2 protein chains.
Amino acid sequence: MNKERIPEAVIRRLPKYFRYLKEMEERGAVRVSSSKMSRDLGFNASQIRRDLNCFGGFGQQGYGYSVPKLRSEIARIMGLNREHTVAVIGAGNIGQALVSYDRFAREGFKVAAIFDVAPGRIGQEAGGQRIRPLSELEEFVKKTPVEIGVICTPQSAAQDTADLLVRLGFRGIWNFAPIDVQVPAGVSLENVHLNDSLYVLAYRLRAESSEI
Amino acid sequence: MNKERIPEAVIRRLPKYFRYLKEMEERGAVRVSSSKMSRDLGFNASQIRRDLNCFGGFGQQGYGYSVPKLRSEIARIMGLNREHTVAVIGAGNIGQALVSYDRFAREGFKVAAIFDVAPGRIGQEAGGQRIRPLSELEEFVKKTPVEIGVICTPQSAAQDTADLLVRLGFRGIWNFAPIDVQVPAGVSLENVHLNDSLYVLAYRLRAESSEI
DNA sequence: TAGATTGTTAATCGATTAACAATC
DNA sequence: TAGATTGTTAATCGATTAACAATC
């Protein structure tokens, strides 16, 4: 077990391990070796053992890893062993889709409420939730603590929304606006950037077609 | 200019350069230096010069880079100087949100059609498009060539959908299902993994709270 | 010309992979 | 015990950063 800072690359691989182990467990597997994981996930076996050892010695020489134990350890490391509460800011297409997307709820991320500023949207329904006026957010979080704010506003409102969420004590921000919002240290942030992903795809299409 | 393979890390930074230069151009900036970009983007200035030099010597000693020229070069490199056609497979929450999201259309990614298999969805409207039966996809792409397929199906149908898209000659796949789909060489693929991003956020929340 | 800034080589840093002793 | 596989150190690889000559 390594007590140093966890490299970003390792953190980004944790969800892959988790998804893999969850599937293995559902299929009834009880043990797995780093070499089997290597074959299935396409990561180097040394890398897998090294990654897992950042968090503790979960394996056993000569045997490998216990699938249920390793899955539950990784869930614990990622904080997936408890529920998270989420508030969605912006009830446009993406905001509504996220509220309606039951997969997140099934994985423990519960949408407590969805907010918007547009009078035409306030009061409408989205995913079984009444869309509330953003002006009620402050009061709402006083009654119902919420950890994660999801920014689904237009780009122009994204940074202001982030500032508001920080001021109201949100501890994590999941940003879908196509801009890197800035938050102070202590607030966790994931900028999603769907656009960037599409741009990278366009790049590859162009590169594939022009290089041969 | 460097004729070797472009590192993945450089490709992932291209969208950031593009967004930045677009904004600079809209504000009327005509020149920019690597050191100014470094301050604004938070990348090292050497890295920026090195990145841009992968594709060509776009700068001028003593002056820097022309904003409009660099923006248009990067647009060309990423294939953003032309339109792309897109078909969305799966008219659930995310599929419908993507069809309705006009930002993609504004950036040159036009949704030609949206498909589903559920009788309850077929014939309904989403973002001004009639939802078509997936069985019509083959016929559709014969008449209207489509480059990019967007997988918005449930996880269980994702790989089959990818296989179908490959068979029908799609050149790029943008996958929103929470699984790494496999495609043969020559087909470009971006797995989005919204879940993974949320898991990483949960990890950081947990790490922030337990390390101090 | 003098000043500025690129393009590019060299140095550093960090991440990945290989190797193997420890041990179940 | 013998075989298997981890945990961990050492070697390699690649990406980032620093330095500076080239040159506008």
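The values are calculated or read from the model by the stated rules, or taken from the named source; none is laboratory data. Note that the structure is a prediction, hence the values are computed from the model and not measured. Every residue, glycine as well, gets a Cβ built from its backbone with ideal geometry; the counts of neighbours run over all protein chains shown. Keep in mind that these areas ignore ligands, DNA and RNA; they rest on the heavy atoms of the full protein, side chains included. Shrake-Rupley method; radii C 1.70, N 1.55, O 1.52, S 1.80 Å.
Restricted to region B:21-41, and to residues there that are away from DNA strand D (no atom under 16 Å from the Cβ) and of a type outside the set (A, V, I, L, M, F, W, C), the residue that is farthest from A:ALA177 (Cα to Cα) is B:GLY28. Answer with yes or no whether B:ILE89 is at pLDDT 95 or above, away from chain A (no Cβ under 12 Å), open to solvent by less than 40 Å² (accessible area, probe 1.4 Å) and in contact with a Cys (Cβ under 7 Å, 6 or more places away or on another chain). Here the answer is yes, as B:ILE89 does meet what is asked. Here A:ILE6 does not fit the description of being surrounded by 18 or more Cβ atoms within 10 Å (Cβ to Cβ) and under 20 Å from B:ASP196 (Cβ atoms). Residue check: is B:ILE131 more than 30 Å from B:ALA75 (Cβ to Cβ) and surrounded by 16 or more Cβ atoms within 10 Å (Cβ to Cβ)? When the stated conditions are applied, B:ILE131 passes them. All conditions but one from (1) part of a helix (DSSP H, G or I); (2) open to solvent by 20 Å² or more (accessible area, probe 1.4 Å) apply to A:VAL183; the one that does not is (1). Across region B:52-86, what is the total count of residues that are closer than 27 Å to A:CYS152 by Cβ, polar (S, T, N, Q) and within 11 Å of chain A (Cβ to nearest Cβ)? The qualifying residues number 0. Residues that are more than 13 Å from DNA strand D (Cβ to nearest atom) and either touching a helix residue (DSSP H, G or I) at 6+ places or on another chain (Cβ under 8 Å) or open to solvent by 50 Å² or more (accessible area, probe 1.4 Å) (or both) do occur in region A:52-71. Residue under question is A:ILE114, and the condition is that it be assigned to a helix (DSSP H, G or I) and either open to solvent by less than 10 Å² (accessible area, probe 1.4 Å) or touching a residue at least 12 places away in the same chain (Cβ under 8 Å) (or both); does it hold? Criteria not met by A:ILE114. For region B:138-158, the criterion of being in contact with a Pro (Cβ under 6 Å, 6 or more places away or on another chain) and open to solvent by 60 Å² or more (accessible area, probe 1.4 Å) is met by at least one residue.
For A:ARG12, indicate whether it is within 14 Å of chain B (Cβ to nearest Cβ), within 10 Å of DNA strand C (Cβ to nearest atom), in contact with a helix residue (DSSP H, G or I) (Cβ under 9 Å, 6 or more places away or on another chain) and under 21 Å from B:SER197 (Cβ atoms). The answer is yes for A:ARG12.
Evaluating B:GLY128 against the criteria (1) at pLDDT 95 or above; (2) assigned by TED's automatic domain parsing to the domain that holds B:THR161 leaves one unmet condition, (1). Total residues in region A:24-49 satisfying the condition of being part of a helix (DSSP H, G or I), surrounded by 14 or more Cβ atoms within 10 Å (Cβ to Cβ) and among the charged types (D, E, K, R): the figure is 3. Screening B:MET37, B:MET24 for residues that are within 8 Å of DNA strand C (Cβ to nearest atom) and away from chain A (no Cβ under 11 Å) leaves exactly one candidate, B:MET37. Enumerate the pairs (first residue in region A:182-210 and within 7 Å of chain B (Cβ to nearest Cβ); second residue anywhere and of a type in the set (Gly, Ala, Ser) and assigned to a helix (DSSP H, G or I)) with beta-carbon separation below 6 Å, excluding pairs fewer than 6 apart on the same chain, so at least 6 apart or on different chains. Note: pairs meeting the criteria are A:GLU190/B:SER197; A:VAL192/B:SER197. In this entry, B:ARG82 passes the filter for residues that are assigned to a loop (DSSP other than H, G, I, E, B) and in contact (Cβ under 8 Å) with a residue 24 or more places away in the chain.
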